[in-house]
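J.: Take a look at this one; I'll ask things after.
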Amino acid sequence: MKRILSLSLAVLLGLTGCAGPGAVSSPQRTAVDGAQSAPGYWNPALMALSQPVYPEFPRQPQFPEEGGEGAWEAYHEAYDKYMDALAALRGDDGGITELEHAILNTFAAKSVNLALEGHEGENAVYSPLSLWSALAMLARCAGGDSRQQVLDAIGADSVETLQGQAERLWRALYTDDGQSALILANSIWLNRNLQGNYDHKTLDILARKFYAGTYSVPMGSGEADEVITNWVGEQTKGLIGGDQPVVQTAPETLALLVSSLYYKAAWQDEFNADRTEEDIFTGAAGQETKVDFMHKTKDDDFIRRDGYQAARLATHLGEMVFVLPDEGVTPESLLQKEDFLARLEFYGDAALWGEVRWSVPKFDVNSDLDLLETLKAMGITDLPDYNRADLSALTDLDAFLSQAKQLARVKVDEDGVEAAAVTILDVATCALPPEPTEVCVMDLDRPFLFVIRTQDVPLFIGIVNQI
């Protein structure tokens, strides 16, 4: 028999960070360096049933600037300790498996065109990893055919396998060394105004395997919308979550599954700000805008294929691939090719070597994507249907998936890249119906596409049609 946590959510109003009878108990989340919010920004202890503990990330030692042989011996000793600590954090597997690479890249390839559909000619940013993480939590909450549809969509053979993949993925990607950051943050928000039973095992697994905090808020109120927005703002370092709420809850909202992704990394070879010059960017509709362009030239690999050319810039946490379509070819049409992302490989016969002359506009783009139709097109059809949805692994209340949305933002300047995304899945009760050499000139003065990835995992895929 399932272990059911019987919660009268009105009673949870009195919980202040300590687990009540039967509630999930786990240590309070320790503050990650640089992640603490300003005093009074939000107070999770007032509504937290549990908060995940993030492991302390080791600090990489710096090269000695002076001190001779002794300084270098101390550096090598410190570096060995750093690598040992990093290996301990990553776990026995030490990284993402080949199968998991294939799963995540296949999910990105089949979902990106669906996610960006209807945004032709607009700026758009999509994070396949953020959506995958949110759907992984949803699979844990679903049952029967509803669960199987989610598992099929994200490429998992069972929920048990998925839980191991989610935990390993989190540890393999997690970075927060004070200079670079890559943090997946998950949470589940319960409606404290509703009476209901919640599965203790599911909430416990979300906390342990998905590093998800559990919170209780009065859905349908400005207070709930504000605190959820502030949580998103803290996790994304203010890139998302400002004056406008990221979500508007309703009284019938039973729970929200929220998965955020924050990425920050400097270029390995920074742009010289003295070479930044104003030039013209021609948008998708032919409009011309004066924009600051960053410039540099370096020898590197690049790709030249029918319809586009591509080159990459290394960061201290992966790389950013820029794709420049040929004149008359739209970024959207490239993404419609099923193998497009898989072919962005800079090795083997496909790669050319030569001088890459970069002219990159500084940009700050964001988007708000409605992903419910995307999920349906990927085969997740039961959960959005209140007559067929099965969320019995989360609650004994009748519930369905009423909304799926993603907010994302990417900033690029001379120093590097900062990006964030948050995926929100809204679970509602069924009280209401649902709603040499070669020369490659990367002059990005017209609509272009970009991919941010780490360890070959696509984190963000975006289109810049206007600046």
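The values are calculated or read from the model by the stated rules, or taken from the named source; none is laboratory data. Model, not experiment: these values are computed from the prediction. Quick reminder, even Gly has a Cβ in these numbers, built from the backbone with ideal geometry, and neighbours come from all protein chains shown.
J.: Can you tell me which residue in segment 96-138 is farthest from Gln163 (Cα to Cα), limited to those that are hydroxyl-bearing (Ser, Thr, Tyr) and crowded, with 21+ Cβ neighbours inside 10 Å?
T.: Tyr126
J.: For segment 59-75, give me the residue count where each residue is in a helix (DSSP H, G or I) and surrounded by 10 or more Cβ atoms within 10 Å (Cβ to Cβ).
T.: The number of residues fulfilling the criteria is 5.
J.: May I pose another question? Of all residues in segment 245-289, how many are among the aromatic types (Phe, Trp, Tyr) and out of contact with any strand residue (DSSP E or B) (no Cβ under 6 Å at 6 or more places or on another chain)?
T.: Selection size over segment 245-289: 0.
J.: Tell me which of these Asn113 doesn't satisfy, since it passes every other one: (1) touching a strand residue (DSSP E or B) at 6+ places or on another chain (Cβ under 6 Å); (2) under 27 Å from Val329 (Cα atoms).
T.: Against the list (1) touching a strand residue (DSSP E or B) at 6+ places or on another chain (Cβ under 6 Å); (2) under 27 Å from Val329 (Cα atoms), Asn113 comes up short only on (1).
Results for (1) touching an Asp or Glu at 6+ places or on another chain (Cβ under 8 Å); (2) of a type in the set (Val, Ile, Thr); (3) at pLDDT below 95, shown as yes or no for each residue.
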| site | (1), (2), (3) |
| --- | --- |
| Leu261 | no, no, no |
| Trp267 | yes, no, no |
| Phe271 | yes, no, no |
| Phe293 | yes, no, no |
| Arg312 | yes, no, no |
| His316 | no, no, yes |
| Met320 | no, no, no |
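J.: Counting only residues that are under 16 Å from Val365 (Cβ atoms), in contact with a Phe, Trp or Tyr (Cβ under 8 Å, 6 or more places away or on another chain) and crowded, with 21+ Cβ neighbours inside 10 Å, how many does segment 379-417 have?
T.: Residues flagged as under 16 Å from Val365 (Cβ atoms), in contact with a Phe, Trp or Tyr (Cβ under 8 Å, 6 or more places away or on another chain) and crowded, with 21+ Cβ neighbours inside 10 Å within segment 379-417 amount to 6.
J.: Report yes if Val125 is modelled with pLDDT of 95 or more, among the aliphatic types (A, V, I, L, M) and either in contact with a strand residue (DSSP E or B) (Cβ under 9 Å, 6 or more places away or on another chain) or not assigned by TED's automatic domain parsing to the domain that holds Pro218 (or both), otherwise no.
T.: The answer is yes for Val125.
J.: Residue by residue through segment 135-192, note down the ones that are closer than 30 Å to Asp385 by Cβ and of a type in the set (S, T, N, Q).
T.: Answer for segment 135-192, where residues must be closer than 30 Å to Asp385 by Cβ and of a type in the set (S, T, N, Q): Ser146, Gln148, Gln149, Ser158, Thr161, Gln163, Gln165, Asn186, Ser187, Asn191.
For every residue, the table says whether it meets (1) of a type outside the set (Ser, Thr, Tyr); (2) modelled with pLDDT of 50 or more.
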position	(1), (2)
Leu9	yes, no
Ser26	no, no
Ser37	no, no
Gly70	yes, yes
Ala74	yes, yes
Lys81	yes, yes
Ile96	yes, yes
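J.: Taking the stated definitions as given, is Leu335 farther than 30 Å from Ala273 by Cβ and within 24 Å of the chain's Cα centre (by Cα)?
T.: yes
J.: Quick one: which strands (runs of 3 or more DSSP E) lie wholly within segment 242-312 and hold at least 3 residues that are aliphatic (A, V, I, L, M) and surrounded by 13 or more Cβ atoms within 10 Å (Cβ to Cβ)?
T.: Strands (runs of 3 or more DSSP E) meeting the threshold: 253-266, 288-305.
J.: Only strands (runs of 3 or more DSSP E) wholly contained in segment 378-467 count here; list those with 1 or more residues that are at pLDDT 95 or above.
T.: The qualifying strands (runs of 3 or more DSSP E) are 399-412, 416-429.
J.: Here's something else I'd like to know. If you check Ala181, Ala212, which single one turns out to be closer than 19 Å to Trp132 by Cα and either not assigned by TED's automatic domain parsing to the domain that holds Thr423 or not polar (S, T, N, Q) (or both)?
T.: On inspection, the qualifying residue turns out to be Ala212.
J.: Being buried (at least 17 other Cβ atoms within 10 Å of the Cβ), over 21 Å from the mean Cα position of the chain (by Cα) and not in a strand (DSSP E or B), is that true of even one residue in segment 352-370?
T.: Among the residues of segment 352-370, not one is buried (at least 17 other Cβ atoms within 10 Å of the Cβ), over 21 Å from the mean Cα position of the chain (by Cα) and not in a strand (DSSP E or B), which makes the answer no.
J.: Name the residues in segment 348-407 that are under 30 Å from Asn123 (Cα atoms), among the acidic types (Asp, Glu) and in contact with a Lys or Arg (Cβ under 8 Å, 6 or more places away or on another chain), would you?
T.: Glu355, Asp364, Asp368, Asp370, listed by residue number.
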